[in-house]
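A short reminder: the numbers here are calculations on the coordinates, not readings from a lab. The structure presented is a predicted model; accordingly, all values stated were derived computationally and were not measured. Heads up, the Cβs are rebuilt from the backbone with ideal geometry, glycines too, and the neighbour counts pull from every protein chain shown.
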Amino acid sequence: MRPFDYMRAEDLQAATEAKGNGATVIAGGTNLLDLMKLEVMAPERLVDITRLDLHNTERTSGGGLRIGALVTNSDLAANPDVRRNWPVLSRALLAGATGQLRNKATTGGNLLQRTRCYYFYDTAMPCNKREPGSGCHARTGFNRIHAILGASDKCIATHPSDMAVAMRALDAEVEVQGSGGTRRMGLDALYRLPGDTPHIETSLAEGEIITAVILPPPPTAATQVYRKVRDRSSYAFALVSVAAVVAMDGARIREARLAFGGLGPMPWRDGEVERALEGQEPSDALFDCASDILLRDAQGQGSNDFKIPLARRTLKAVLREVTRTEAPA
Amino acid sequence: MQTTLKINGESWTLDVDPRTSLLDALRHHLDLTGTKKGCDHGQCGACTIILNGRRINSCLTLAVMHDGDEITTIEGLGEPGRLNPMQEAFVRHDGYQCGYCTPGQIMSATGMLDEVSQGWPSHVSASLEGDVPLSREEVAERMSGNLCRCSAYPGIVRAIRETAGEVSE
Ligand SMILES: Cc1cc2nc3c(=O)[nH]c(=O)nc-3n(C[C@H](O)[C@H](O)[C@H](O)COP(=O)(O)OP(=O)(O)OC[C@H]3O[C@@H](n4cnc5c(N)ncnc54)[C@H](O)[C@@H]3O)c2cc1C
Ligand code: FES
Ligand code: FES
């Protein structure tokens, strides 16, 4: 690991100032220190934000939930209010990493964890994300875990988080604070597609720190499911995952919110898929049609071609589950 | 940098390079070599310790981040001649072969049983609410962050379930 200066932020202002001056934020450290040991990341200065007062989860006046950026993945998954009213979020968190890691990993750090692309991790290889302009060997190399949606010819890495997929389905917003004050944005605005600049992963400004994630009030009368498909039954990143929040109105689907992990450079959501389902009676034909829409621009890269049929099958299985529809014989 | 750690009830002040992981601080600066280094990347669990009541991977955190924090290592649970019930159960059930992963397994299991007693669900729990019976499947899921190259898993699971009072031998 390269040497660095360490500073502990005593308040938020000190933290945003340090970040504005080029320091890298460290929270749980479970992603950053891994990457620093490999010298994939080599910050000259670290600002430790773990003593800031961002450890609480509480209801907002509007009935939503405000989750402090330093709330650990364990605490959030075990929070009784989350378990009862936003179970898809507990389920997504519990499907990620391990007990030890979740005890350290924080809400803000989980959102901003970096990709698990092998070429990003291997400093002997070119990688446009790690070293802009050096090239991407994943496109022609090993790409079993890579993106089928939203990638570019510069980068086909996926975002690895489970938690962020559930948050995207729940219409979560992040609250960030910088020298210019506080602002809020949806996850679609937080993350950026790779395009020609895969090293720019978020829209956070230089001094900005994530202070909280805000969930709108719990969805009413909806079934919430998180399904993760992976190479092992525990302790592996998602090949494909689906977070679904679906409400019925009699025999018809009233509302469907669906987010996907393992498919793209950010937790993926596609409004057209949801609109194709809403107002319709559930059936296998309808689920196929929704899958066609989701995958209309899907592009396999070779070793990840299997993700296209896998995404379809996983989406259909989840839709059957949340609408209680039998699979055709 | 000066850092004070409360380890197994005793206070230690050390002067470390900020790069020092908590694991290296324990092993190299304090001679507490019970805690093991396997992968050094959060993947194997050999370095598991209990920090402020929670099990964590000591390889993926910096010593300087833990000024004033309370740490329990395997030495703090018990030592030869005065083993605690979990340590004894590992011996009785052959919960190891080479023993390298064992301190991490025992620390992780100790933290895990505390999580269960607080009613925390797991990925394999059918319901997110209510009591969790500590089935073999629950133990396997909750302990998946501790790898054992000797594959002593059957004994590990038995030792943990017996200590939790789920099975009697
Ligand atoms: C072996 C292993 C297996 C894993 N498996 C899974 C899995 O199955 N599913 C999954 O979802 N994840 C998995 N993870 C990843 C884990 O979830 C992340 O490492 C963790 O969530 C990161 O949180 P942290 O607080 O430790 O972040 P840190 O490592 O502290 O930070 C991560 C990044 O976020 C930045 N940052 C942190 N907090 C803030 C903030 N408040 N404002 C601005 N920037 C910030 C940091 O600068 C850094 O770039 C795994 C990790 C490991 C090591
Ligand atoms: S040494 Fe820490 S998890 Fe392997
Ligand atoms: S006993 Fe040898 S690694 Fe577990």
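For this structure, a couple of remarks:
- Computed from Cα positions, the angle between helix B:102-117 and the longest principal axis of chain B comes to roughly 60 degrees.
- ³J(HN,Hα), Karplus 6.51/-1.76/1.60, whole Hz, each residue of the range A:54-64, x for Gly, Pro: 10, 9, 9, 10, 8, 5, 7, 4, x, x, x
- Neighbour-count order for A:TYR191, A:TYR226, fewest beta carbons within 10 angstrom listed first: A:TYR191, A:TYR226
- Stretchable slack from A:ASN21 to A:MET1, in nm (0.36 nm times residue separation minus alpha-carbon distance): 5.0 nm
- The ranking of A:HIS159, B:HIS123 by Cβ neighbour count inside 10 Å, starting from the fewest, reads B:HIS123, A:HIS159.
- Helix-derived mean residue ellipticity, 222 nm - over chain A, DSSP H n ≥ 4, -39500 (n - 2.57), to 500: -7500 deg cm²/dmol
- Compared with the dominant principal axis of the Cα atoms in chain A, helix A:284-294 is inclined by about 30°.
- Across the range A:199-204, rounded Karplus estimates of 3J(HN,Hα) from the backbone phi angles (6.51 cos²θ - 1.76 cosθ + 1.60, θ = phi - 60°) give 6, 9, 9, 9, 9, 5 Hz, Gly and Pro being marked x.
- Built amide H within the under 5 Å cut-off of A:ARG254, gap 5+: A:ALA247, A:MET248, A:ASP249, A:GLY279
- Each part reduced to its alpha carbon centroid, the range B:34-58 and the range A:161-206 end up 31 Å apart.
- Cα centroids of the range A:94-160 and the range A:1-25: 24 Å apart.
- Amide H to amide H distances under 5 Å link B:LEU62 with B:LEU22, where only residues 5 or more positions off or on other chains count and H is placed in the peptide plane.
- The share of Cα pairs per 20 Å bin across chain A, counted from zero up to the longest distance, runs 32, 58, 10, 0 percent.
- Max mean-square fluctuation residue, GNM over chain A, Cα-Cα springs under 10 Å, options A:ALA92, A:ALA221, A:ALA18: A:ALA221
- Angle in degrees between helix A:307-323 and the longest Cα principal axis of chain A, rounded to the nearest 10: 60 degrees
- Loop-resident GluC sites (Glu not before Pro) (DSSP state other than H, G, I, E or B) in the range A:262-329 with no more than 16 further Cβ atoms inside 10 Å of their Cβ: A:GLU278, A:GLU326.
- With neighbour counts taken as other beta-carbon atoms within 10 Å, the residues B:ASP24, A:ASP284 rank, fewest first, as A:ASP284, B:ASP24.
- Rg/Rh (Cα only; Kirkwood hydrodynamic radius) as it applies to the range B:2-75: 0.91
- Chain B: radius of gyration and largest Cα-Cα distance (Dmax), Å: 16.0, 50
- Distance from the C-alpha centroid of the range B:112-165 to that of the range A:39-70: 29 Å, rounded to the whole angstrom.
- Among the trypsin sites (Lys or Arg not before Pro) within the range A:239-301, those in coil by DSSP and having at most 11 neighbouring Cβ atoms inside 10 Å are A:ARG296.
- Compactness of the range B:91-169 - radius of gyration and Dmax, Cα, Å: 12.2, 38
- Amide proton proximity set for A:ILE26, modelled H, under 5 Å, gap of 5+: A:VAL47, A:ASP48, A:ILE49
- Share of pairwise Cα separations in the range A:127-259, more than 26 Å, in percent: 38 percent
- Remark: the range B:36-47, residue by residue, has Karplus-estimated 3J(HN,Hα) of 9, 9, x, 8, 6, 10, x, 9, 10, x, 4, 8 Hz, where x stands for each Gly or Pro and the curve is 6.51 cos²θ - 1.76 cosθ + 1.60 at θ = phi - 60°.
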